[in-house]
Amino acid sequence: MRLVPLSAPPAHPVPAAPAAATPTPTGPSRVEGYVVDAPGRERFPLASRGEVAAFVVSDADHPGVVRVVGDLRDDVERVTGVRQGITSADDPAAVPGGDVVIVGTVGRSPLIADLVERGKLDVSGIAGRWETSLQQVVHDPLPGVRRAFVIAGSDQRGTIFGAYDVSREIGVSPWYWWADVPPAHRAELHVLPGRHGQGTPAVKYRGFFVNDENPALGTWAPGHFGPGHAPGFPAGFNHHFYAKVFETALRLKANYVWPAVWGRAFAEDDPLNHATAKAYGVVMGTSHEAPMMRGIEEWNRHARPGEGDPYGGNGEWSFRRNRAAIERYWADGVRRMKDEGFEGVVTLGMRGNGDASLSDGDGIELMREILASQRDILAREGMADVPQVQTLYKEVQRYWEQGLRPPDDVTVVFADDNWGNMRKLPDPSSPGRAGGHGLYYHFDYVGGGRNYKWVDTSPLANVRDQLHQSYEYGVDRLWVVNAGDVKGNELPLQFFLDYAWDPHRWPAEALGEWEERYAAQNFGSRAVEIASVLREYGALQSMRKPELLNRRATADGTAVTYDDQASPFSLTDYREIDRVTERWQRLADEAERIRGTLPRSEQDAYYQLVLYPVKATANLYALRLAEFTNLLYAEQGRASANALADITDARFADDRAMSEHYHTVLAGGKWNGFQTQPKIGYGDVARYGPSASWQQPERDDRVLPDEVFPAVRRVELPHVAELGVAVDGSDRWWPAAGGSPTLPAFSPHQSQPGQYVDVFNRGAVPFDYRVTSGAAWLEVDRPHGTVHEQVRLDVRVDWSRAPKGCTEVPVTITGAGAEVTVRAVVENDLVDPRGFVEANGYVSIEAAHATRVVDGDGVRWRRIPGLGRTGDGVQPFPVTAPSREPTGPRLEYELTVRSTGPVTVWAYLSPRNPVLPGRPGLRYGVSFDDQPPQVVDITAATGADDTAMNREWERNTSDNVNRTATGHHLAAGVHTLKVWVVDPTVVVQKLVVDTGGLRPSYLGPPESRRVH
């Protein structure tokens, strides 16, 4: 099977978003591929003919630099099989002769200083810059040294990033340990002449939050890394664990980490944790609920008096009622940071204990007192100049909305809504802050509408769109993402950090290139095929997160209600659940095919990074299809219901088997315990309690194995034959329902090739059936046969023989002594249709398939590949454009409707929030022909400005779409539907015109046929 990359340009006139202009480089230009396999003129032999160049570093350099040289030496050995020594030399005269690799920091290393002083190395392009590096081959650098490959950094992390960039160049993936990616063997490694570099990062602090770490990471880490600091303290999250976290972060060019918090205290669990961060050169932070460099768990452990407790019992986490204890606690955290000398960013503000709002209330004056107290403590401890942030997470954003501003040097961190949609961005018209702005984003979340913690469900198109908007609005001081267990989110995490380093390098249309580079980094020659699988995986996950496959939301105009025992995908209309499940199965088949072509050495990495998330999610879709079809069929008494119950059980067993493989076979059992995250039993309130509607199934504080919910049903079949008939588009069955069933109308313009009729048995004895069509041109593919359990009949029209006009044709089905007549309505009455043509009572259009695109006034529409559940998104650019009246830029769609009357236009838009200051909401305009545009605010009902988060918001984020409706009146014939720019950041995914026959479905009907 060949998968077509989703980023391939479709045949429509909406242009892709252009690449942003790349700023003039200030240091050495980024040259990729500067290590090659063949010797040549002026090339430096890093490895050649069984020998490897010696590594040299000064002991006077930063500890993180001295340490990273060991990693670089080990990486060269991983690739070549040859191990070389490391020389620690402060005196240039002590450097060994021949060819050497010199690693050092400007202003710190005497080796680098000597090269600069003697005119051998020009560091003017990196000196004084933040985390900038230079790689260069230097001839005759020192007495007795023929050549040196110099890796020089502007500061400690600049040098570290330079060293790890060489590791990537020789073929060592940042995921070599966390995902068991093996480097390809290369006997020859030669560095090209010239000055090579990676530039200066666009975002100053870039990193991730290890969070929501139970049960997976919290189960695996203790077994792999051993005990904590003392009895009773959590095991596993010790300095050995964090050494792997920090190394991986630095290999990804991150410099900033928030440590795990679920029952864990970074400083107490192992006193070497902070020392390890310092040794690696990593900047430590704490989450939005952990001010002043202290995790909330530290407070909770000492909340009551105990032997040896330095606080005599902290008491209540309340600034208003327990201020002295809290201030003492905060002062100790800052003092510890100063005494241990690690680099950090201090979180200001305060939230309630347990990631909640303050028990003291949310009065703005109270928060002013808290900030003033914290700033006073920092000043008293001589730490006033340390970087500081306040994160506007959930209810904390209210303070900002009410006018509270932290001191100007504090970085204000804006948060997303936990589902990948930013909630607020800076006002570009306001004065800039000395502390700048940051963002807090999510690839993992615990909360409403439901936890998502299992596999990667963060499509890059959406991630890139929100990061792009944030950066364009000046958010560039600090970016941190909740990466959950880290494992499982490797792809979006690497993209997040690559984008933070250089946003201009990755415009929307370059995502396919990034995916291919990611695949090549980890799998080599199959990169294009694997990238195609990853792209389709992201597109399918953008439809819905796996944890939500048993929740259907229903809105009646006044409220949203949930049914946790129903599929969100339609079982009866547009063959929706079947089509989506088939796409997943095709993807799983393709992933398995590729697996068979890979060498054994790559199998473990492929299973972790590609095959498991694809195959396990496809299996879950197959389980849900069997489960919910079983429930429908059992209600109808179909004999086939029991086979579907068996299939559900088999798919559940397959899920368990994949987890067991992950635990006991994969990488020799290295990842035992990592696939313990529940994802199937959500919603079982009767068994797990009220929180199970959103929280993972738990009991007695112990995670139980997944169990299928809702439970399947088995049918007791009588020992007779009994005819049952069901039709496309209905959940009823005949003859029990009475009257004659009617198929969805047939049209030469419908997207699907035909409709179907199910002939099924409600007993245990087979029977013969016969179908008689009332017209020879209405064809049934299997007009007679034997029904054991059921037979699906495809009904199609031979349009070359069908009469014009609207015709009703009876289709009679007989069997088991009964008869059912199905009505088939055939509509063949449109003359000279143009554009998208109505059929089955609707016109469905993918937003990117515009007939005409009208730009103007500095605003243009651009297609964003993959930014939609069923296709590409379309968005006005630039994202910083001012709001406007709907009079200029617009999308136009030519379409034809069959009859005169009212219609409803459903706009499917990305569930964005009103991020822009001083604007009433998030609006677009819609009209037909020359009618005046109707302006619609897509956030009016969601309460998205306050993440107390109502059910409209939960529904929209769970569905990954915001559907809004407008009413219009049209005459039969050809019309032009127009979508107008009002506010920027609106993303249009799909448009559906309901002319009276639209059926309920999750994705909306498939796109209508288009007459050019």
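Please treat every number below as a calculation from the coordinates, not as lab data. No experiment lies behind these values; they were computed from the predicted model shown. A quick note on method: Cβ atoms are made from the backbone with ideal geometry, for glycine too, and the neighbour counts reach across all protein chains shown.
What whole-number distance in Å separates the alpha-carbon centres of region 790-820 and region 93-134? When both Cα centres are located, 82 Å separates them. Scattering from region 546-703 was approximated by placing one identical point on each alpha carbon and applying the Debye formula without solvent; log10 I(q)/I(0) at 0.18, 0.19 1/Å stands at -1.22, -1.30.
Could you compute Rg(Cα) / (2.2 N^0.38 Å) for region 843-929, with N its residue count?
That ratio works out to 1.18.
Summarising the amide proton neighbourhood of Gln198: residues at separation of 5 or more, or on other chains, whose placed amide H is nearer than 5 Å comprise Ser133.
Normalising by the residue count of region 121-253, find the relative contact order in percent from Cα pairs under 8 Å and 6+ residues apart. RCO, region 121-253: 22 percent. Three semi-axes describe the equivalent ellipsoid of the chain; taken as square roots of 5 times the Cα gyration tensor eigenvalues and ordered largest first, they are 54, 32, 31 Å.
Using the Cβ-Cβ distance between His784 and Asn828 with R0 = 41 Å, the FRET efficiency computed as 1/(1 + (r/R0)^6) comes to roughly 0.90. Take 768-779, 909-920 and order them by the average number of nearby Cβ atoms within 10 Å per residue, most first; the result is 909-920, 768-779.
Taking a ≥ b ≥ c as the square roots of the eigenvalues of the alpha carbon gyration tensor, region 333-444 is rounded, as a/c is under 1.5.
In this structure, Arg118 and Glu340 have a Cβ-Cβ separation that, at R0 = 30 Å, corresponds to a calculated FRET efficiency of about 0.20.
What is the diffusion coefficient of region 835-1011 in µm²/s, taking the Kirkwood radius over Cα pairs and the Stokes-Einstein relation at 20 °C with a viscosity of 1.002 mPa s? The partial results should precede the final answer.
Numbers: Rh = 16.3 Å.
It diffuses with D of about 131 µm²/s by this estimate.
Each listed q (0.13, 0.14, 0.22 Å⁻¹) maps to a log10 I(q)/I(0) for region 50-164, found by the Debye formula over equal Cα scatterers with no solvent: -0.41, -0.48, -1.23.
Across the chain, C-alpha contacts under 8 Å between residues 6 or more apart give a mean separation that, scaled by the residue count, equals a relative contact order of 10 percent. All other residues whose Cβ lies under 13 angstrom from that of Arg433 are scored, Lys and Arg at +1 and Asp and Glu at -1, for a net of -2. Arg963 sits among other residues whose Cβ lies under 10 Å from its own Cβ, and their net charge, with Lys and Arg +1 and Asp and Glu -1, is +1. Normalised by the number of residues in region 35-196, the average gap of Cα pairs under 8 Å and 6 or more apart makes the relative contact order 33 percent.
Mean residue ellipticity at 222 nm, helices only, the chain: -8000 deg cm²/dmol; runs of at least 4 DSSP H residues each add -39,500 (n - 2.57), and the sum is divided by the number of residues. Taking a straight line from the alpha carbon of Lys338, these lysines sit under 16 Å away, with near neighbours fewer than eight places off in the same chain left out: Lys278. At R0 = 56 Å, how high is the FRET efficiency between Asp589 and Asn353 if r is their beta carbon distance? Nearest 0.05 is fine. So the FRET efficiency works out to roughly 0.70. Is region 915-1012 rounded, prolate or oblate when judged by the Cα gyration tensor, a ≥ b ≥ c being the square roots of its eigenvalues, rounded requiring a/c under 1.5 and prolate requiring a/b larger than b/c? Oblate.
Site pair Val685 and Ala711 shows an inter-label distance of 1.9 nm when each label is modelled 7 Å from Cα along Cα→Cβ. Computed from point charges on the beta carbon alone (+1 for Lys and Arg, -1 for Asp and Glu), the dipole magnitude for the chain about its Cα centre is near 940 Debye. The simple spin-label model puts a point 7 Å past each Cα toward its Cβ; for Ile364 and Val82 those points are separated by 6.8 nm. Screening the chain for whole DSSP H helices with an alpha carbon extent of at least 30 angstrom along the helix axis and a mean Kyte-Doolittle hydropathy of at least 0.0 yields 612-636. Inter-label distance, Ala303 to Thr772: 7.7 nm, where each label sits 7 Å from its Cα along the C-beta direction. For Lys424, a cut-off of 30 angstrom between C-alpha atoms picks up these lysines, skipping any fewer than 8 places away in its own chain: Lys204, Lys253, Lys394, Lys453, Lys487, Lys545, Lys978, Lys990.
Residues in region 183-199 carry Karplus couplings, in order, of x, 6, 6, 9, 6, 10, 9, 10, 8, 5, x, x, 9, 10, x, 10, x Hz; the curve used is 6.51 cos²θ - 1.76 cosθ + 1.60 with θ = phi - 60°, and Gly or Pro positions show x.
As a proxy for reagent exposure, ranking Thr411, Thr880 by other Cβ atoms within 10 Å from fewest up yields Thr880, Thr411. Is the shape of region 377-508 rounded, prolate or oblate, going by the alpha carbon gyration tensor and its root eigenvalues a ≥ b ≥ c, with a/c under 1.5 for rounded and a/b larger than b/c for prolate? Prolate, because a/c is 1.5 or more and a/b exceeds b/c. For region 820-863, the Kirkwood estimate of hydrodynamic radius, built from reciprocal distances between every pair of different alpha carbons, is 14.4 Å.
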